[in-house]
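In what follows, a structure is listed as structure tokens, so that the remarks can point back to it.
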């Protein structure tokens, strides 16, 4: 009985758009990867009923997941791996050197870069004249560009990869994104990069409640994005 049900689910996932498949069935299908024989239908329903959504179930602590009937530590740990698998998938796609045609492309890239990042950090994007990403690197632990050493390392990294344009970005864990924390330091970085013939396109602040651009706020000069 269970084998026939699993086969029907496999066919359903091959033939249907996953957007139309209920979350409890997706949870059940995930459990098939770690539970080989037992019927997981009721367990999938229990996960969604107890946590409210598939995302909340995946994000739930191990201690709460293992309280669900049918979920042992192996299954719970497998659920915790799902965001990590997805992040690795995104990073692998990024290895194809994306080209940023406009600020929307940059923001979408940064949203994925900061996904599941538990700490506030600053990253640097180094670009060629056409907006092709040459390097993406974390340059600072913490949300502030308040160190001469950090600014110096940004300039050196940009020079080393022959970048002519760069973008910096920070993630903010709580509240609406604030443009005030780094505006003085970003202006210093802008002037320092210009001395080396490198243009700072923008500094973005990304939070769960939105995104802010120092360029759009006229805190640094704006240039048009160049398409290849």
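For the stretch 80-97, state whether one or more residues are part of a loop (DSSP other than H, G, I, E, B), touching a strand residue (DSSP E or B) at 6+ places or on another chain (Cβ under 9 Å) and either exposed (fewer than 11 other Cβ atoms within 10 Å of the Cβ) or on the phi > 0 side of the Ramachandran plot (or both).
Yes.
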Among 149, 105, which is the only one that is part of a helix (DSSP H, G or I), in contact with a strand residue (DSSP E or B) (Cβ under 9 Å, 6 or more places away or on another chain) and surrounded by fewer than 16 Cβ atoms within 10 Å (Cβ to Cβ)?
105
Please state which of the following conditions residue 43 fails to meet, knowing it meets all the rest: (1) assigned by TED's automatic domain parsing to the domain that holds residue 197; (2) surrounded by 13 or more Cβ atoms within 10 Å (Cβ to Cβ).
(1)
Could you check how many residues of the stretch 119-148 are under 13 Å from the mean Cα position of the chain (by Cα) and free of Cβ contacts under 8 Å to residues at least 12 places away in the same chain?
0
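The values are calculated or read from the model by the stated rules, or taken from the named source; none is laboratory data. Please read all numbers here as calculations on a predicted model, not as lab measurements. Neighbour counts run over all protein chains shown; Cβ positions are idealised from the backbone, glycine included.
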